[in-house]
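First up is the structure itself, then whatever we jot down about it.
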Amino acid sequence: MGKLRLFRARTMNLGPEMGRILGFLAVRKLYFLSFVITFLVLACKGKKVDEIVYGEEPIDLTVEYIRNTNKVLIIDVNPEFGWTVPHSAISQKAYQLLVASSEDQLRNDIGDVWDSGKVSDKQSSNVEYQGTPLIAGQTYYWKVKIWDATDMPSAFSGIQSFRIGKQEKGITSANSLQIDRIRPITLKATDNNSYRIDFGKAAFATLQLKYRAIKKDTLVVRIGEQLVNGMINRDPQGTIRYQEVRLPVNPRENTYILSIQPDKRNTKVGAIALPDSVPVLMPFRYAEIEHATAPIFENDVVQLAYHGYWDDNGSRFQSSDTILDQVWDLCKYSIKATTFAGVYIDGDRERIPYEADAYLNQLSHYSLDREYAMARRTIAYFMEHPTWPTEWQLHVALMFHADYMYTGNTELIERYYEDLKHKTLAELRRADGLISSNNASPEFMVKLGFKDPKAKLKDIVDWPPAQKDTGWKLATPEGERDGFVFTPINTVVNCMYYRNLEIMAEFAGVLDKADDVKFYNDLAKKVKTSINTVLFDATKGIYVDGEGTAHASLHSNMMAMAFHIVPETAKQSVSKFIKSRGMACSVYGSQYLLEALYNAGEGQYALDLMTSTANRSWYNMIRIGSTMTLEAWDMKYKPNSDWNHAWGAVPANMVSRGLWGINPKVPGYDIATIKPQLGSLKETSIIVPTIKGQIKADYILLDNTRKYTIEIPGNMKAEFDVGQYPNAKIMLNGIKTDNGILHLLPGKNTILIRR
């Protein structure tokens with residue numbers, strides 16, 4: 001006989017704990033009765049009872065975090081496997097994983113390469129291969145079954161294949177590159193055999209044209225990002241892209257790919273080169289074709305848009321604020337469109353990876369799609385290719401930590417732990433623990449990975465600075481730094497340094513390095529005390545920019561709040577000062593401004609900034625005509641800006657991490673925290689991808705009742721922070737509860753707050 005599946009019944013209108021317990025008991029009785037009936041029926045018919053399988057099988061299989069392994073080479077010979085536990089299982093008690101040399105073997109439940117047997121473990125990701133050695137060039141097949149919270153087995157999952165490639169210096173397998181074929185949203189014929197084409201959004205792309213030439217001829221094709229008076233801007237400002245290409249055509253061919261010329265600026269030494277199989281790409285939204293003697297139709301023109309592996313359904317956001325929705329859509333698309341290079345780059349101006357850009361890109365990428373390979377490969381890149389700003393070095397540990405929290409994987413930490421110590425800049429400290437980049441010696445620069453010992457660190461605070469020596473005519477003389485006063489002991493640098501020490505103490509614990517745990521914890525305490533003593537103006541209740549200056553900027557105060565340095569007694573004064581400065585920072589600095597506001601419980605003001613229509617806003621980027629986020633708020637703030645800079649897409653991560661407050665509490669998302677600060681929104685819904693599946697949340701305000709519906713994936717728990725509502729009636733799944741933290745289990749959870 002084949003396998004008989006019995007699916008568990010749902011239990012409704014019960015508390016999360018009691019409802020599930022009663023449900024399990026009911027299901028066990030059904031399982032037993034079904035087993036007896038099935039056994040008796042088959043026995044009467046003289047049939048053999050091979051196996052009875054209960055419950056839904058695991059789904060969303062991954063190898064090395066890669067979801068679609070068809071075009072991928074796995075470079076780790078001991079890869080990690082992962083899967084999603086269905087809601088109905090609640091949690092996983094055990095698993096059995098089979099790896100086979102052929103699909104036929106696996107269909108017969110034979111793991112001739114590795115059979116893990118039943119492993120009593122809840123781990124559903126980072127399950128490392130432990131079978132016979134895998135051989136480069138070989139294709140393997142795997143599947144998995146689980147035992148649920150009631151210790152009942154599931155069916156085996158579907159089968160996924162993977163191919164082993166040659167080992168590389170890095171440890172992260174690259175995901176595949178995708179090509180979207182985008183048709184025009186408009187194609188208009190104009191006078192003189194010309195056409196104007198709009199693809200709706202800019203993309204890193206080339207253009208494909210079907211054209212039926214009567215004789216040899218040459219078409220003139222223009223592509224660009226910006227329109228002026230209805231035509232492509234042929235002399236755009238800064239790094240806004242435009243190019244004219246002459247395209248020879250003839251009667252023997254009818255399909256052409258535009259030969260875009262590479263840009264000297266983004267193909268210099270240090271820029272990321274694309275594979276030979278990828279044509280020259282340029283970001284463009286619009287196209288114009290001239291001298292076309294044969295007709296051109298909408299289906300004849302295609303924007304071939306290149307980007308990294310992406311699931312558009314991996315995330316979603318909607319709200320009662322249409323501006324916020326537009327901003328989030330802009331930011332989500334910006335992250336997707338800029339993944340074409342295989343690692344995170346700064347945009348099309350240079351196509352060079354920078355640590356700060358990459359960290360912001362990583363936070364947004366992880367918030368939008370269950371995709372981790374690009375960030376992990378970028379982290380490894382920075383260990384050998386550092387860049388000069390002091391704060392950029394301090395972003396490397398932040399990238400390591402974000403990856404650790406979202407994936408639970410420790411391989412990068414194990415591989416680079418000793419080198420990462422230097423990136424904290426702890427070797428530049430003085431007696432009170434505070435650091436100065438002035439103390440970086442040539443020998444230390446080599447430790448950081450710089451090939452040229454003459455390289456020097458330089459504090460940057462924010463970007464762009466005034467740069468008066470370049471002749472730029474900026475909107476404000478201080479650039480994006482809010483008048484920051486530089487001193488050797490810099491508050492922004494030391495706040496980031498403090499966070500690095502906390503991270504290293506945590507990593508030392510992961511690696512069981514007790515002496516290092518003590519060293520970094522003790523040093524972090526010393527640094528925090530010194531920041532709050534040396535760099536805090538107790539009279540005004542705010543942080544100054546550095547030792548020896550009385551000037552206080554937005555940046556010094558938002559960084560202290562963003563990294564939880566501000567003591568309780570000073571939070572009100574620091575918050576008040578931060579709010580008094582408005583958006584006196586760049587699009588990069590806005591990450592830490594919003595982090596600071598949500599940490600301070602200032603969710604409404606954060607919402608006001610994200611929905612602002614002022615000149616320094618995300619909506620301004622939409623208003624001026626860009627479909628990707630800019631490098632700066634506007635061209636007047638950075639005249640050589642590009643229109644495709646992912647570090648400008650901060651709301652892509654702050655809507656989920658701040659507004660909705662959805663974050664991993666422990667590495668690998670075993671426990672999620674949900675702390676909404678929705679401000680004046682009347683309703684909103686969101687889908688957030690995690691390594692364990694999607695968290696889905698809805699909110700609606702009806703009269704005096706706030707209703708949250710939160711769906712938690714299997715094998716995860718969540719802590720929902722209700723906040724403080726004096727005299728409110730709070731219900732969780734129909735059961736009255738108190739203010740504070742509510743514990744949510746897999747499946748749907750309904751929270752009502754009546755005031």
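The values are calculated or read from the model by the stated rules, or taken from the named source; none is laboratory data. Keep in mind that what you see is a predicted model, and the values were worked out from it rather than measured. As a convention, Cβ positions derive from the backbone with ideal geometry for all residues, glycine included, and neighbour counts pool all protein chains shown. Surface areas here come from the heavy atoms of the whole protein model, side chains and all, with no ligands, DNA or RNA. Shrake-Rupley method; radii C 1.70, N 1.55, O 1.52, S 1.80 Å.
Just name one of 732, 131, 345: the one whose Cα is farthest towards the positive end of the charge dipole of the chain (beta-carbon charges, Lys/Arg +1, Asp/Glu -1).
Most positive-ward Cα: 732.
Could you order 680, 157 so the one with the most accessible surface comes first? Probe is 1.4 Å.
680, 157
Using a 1.4 Å probe and ignoring any ligands, DNA or RNA, find the accessible area of residue 141 and quote it in Å² to the nearest 10.
50 Å²
Could you tell me how far the Cα centroid of the stretch 525-542 sits from the Cα centroid of the stretch 688-736, in Å?
About 37 Å separates the Cα centre of the stretch 688-736 from the one of the stretch 525-542.
Pick out, from 491, 434, 444, the residue whose Cα sits farthest towards the positive end of the charge dipole of the stretch 431-565, with +1 on the Cβ of Lys and Arg and -1 on the Cβ of Asp and Glu.
The residue sitting most towards the positive pole is 444.
Tabulate in residue order the Karplus-calculated ³J(HN,Hα) for the stretch 630-635, using 6.51 cos²θ - 1.76 cosθ + 1.60 with θ = phi - 60°, rounded to whole Hz; enter x for Gly and Pro.
In residue order, the calculated couplings are 7, 6, 9, 4, 7, 4 Hz.
Sequence gap of 8 or more, or different chains, plus Cα separation below 23 Å: how many lysine pairs satisfy both in the stretch 378-513?
17
Roughly how big is the chain's charge dipole about its Cα centre, with Cβ charges of +1 (Lys, Arg) and -1 (Asp, Glu), in debye to the nearest 20?
Dipole about the Cα centre, nearest 20: 1360 debye.
Between residue 666 and residue 322, what is the spin-label point distance in nm, taking each point 7 Å from the Cα along the Cα→C-beta axis?
4.5 nm
Only one of the values [x] 43, 37, 28; [y] 38, 31, 26; [z] 63, 35, 19 was calculated from this structure for semi-axes √(5λ) of the Cα gyration tensor in Å; name its label.
[x]
Taking R0 as 25 Å, what's the FRET efficiency between residue 231 and residue 293 from their Cβ-Cβ distance, rounded to 0.05?
Efficiency, rounded to the nearest 0.05: 0.75.
How large is the Kirkwood hydrodynamic radius of the stretch 81-121, in angstrom, based on all distinct alpha carbon pairs?
Its Kirkwood hydrodynamic radius stands at 11.4 Å.
Highest mean first, what order results for 198-210, 344-356, 220-232, 726-738 on Cβ atoms within 10 Å?
With the highest mean Cβ count within 10 Å placed first, the list reads 344-356, 198-210, 220-232, 726-738.
So for each of 180-192, 549-561 I average, over its residues, the number of other beta carbons within 10 Å; can you give me the resulting order with the highest mean first?
549-561, 180-192
Quick one: the Cα spread of the stretch 549-628 along its three principal axes, in angstroms, biggest first?
Principal-axis extents of the Cα atoms in the stretch 549-628, largest first: 44, 28, 19 Å.
Suppose the chain between residue 254 and residue 636 were pulled fully straight at 0.36 nm per residue; how much longer would it get relative to their current alpha carbon spacing?
My answer for the length gained is 133.1 nm.
Using the Karplus curve 6.51 cos²θ - 1.76 cosθ + 1.60 with θ = phi - 60°, work out ³J(HN,Hα) for each residue of the stretch 108-114 in order, rounded to whole Hz, and write x for Gly and Pro.
Taking θ as phi minus 60°, the curve returns 8, 6, 10, x, 6, 9, 7 Hz for the stretch 108-114.
May I ask for the distance between the Cα centers of the stretch 103-147 and the stretch 381-454, given as a whole number of Å?
Centre-to-centre distance over Cα atoms comes out at 37 Å.
Compute the accessible area per residue over the chain, keeping the other protein chains in place, probe 1.4 Å, unit Å².
41 Å²
Ordering 310, 463 by accessible area with a probe of 1.4 Å, largest first, what comes out?
Largest accessible area first, the residues go 463, 310.
Pop the C-beta distance of residue 721 and residue 215 into the FRET formula with R0 = 56 Å and round what comes out to the nearest 0.05.
Step by step, r from the Cβ atoms, then E = 0.20.
If the cut-off is a Cα-Cα distance under 24 Å, which lysines reach residue 576, setting aside same-chain residues fewer than 8 apart in sequence?
Output for residue 576: 528, 540, 675.
Where the accessible area of the stretch 557-684 is counted over protein heavy atoms with a 1.4 Å probe, how much of it, in %, is carbon and sulfur?
About 50 percent, which is the carbon plus sulfur part of the accessible surface.
Let me know the number of lysine pairs in the stretch 151-220 closer than 29 Å at the Cα, not counting same-chain pairs under 8 apart.
Here the count comes out as 5.
Can you put 708, 309 in order of accessible area, largest first, using a 1.4 Å probe?
309, 708
If packing is taken as the average count of other Cβ atoms within 10 Å, what order do 578-587, 116-125 fall into, highest mean first?
Taking the mean over residues of other Cβ atoms within 10 Å, the ranking is 578-587, 116-125.
Tell me the mean residue ellipticity at 222 nm calculated for the chain from its helices only (DSSP H runs of n ≥ 4, each -39500 (n - 2.57), averaged over every residue, nearest 500).
-8000 deg cm²/dmol
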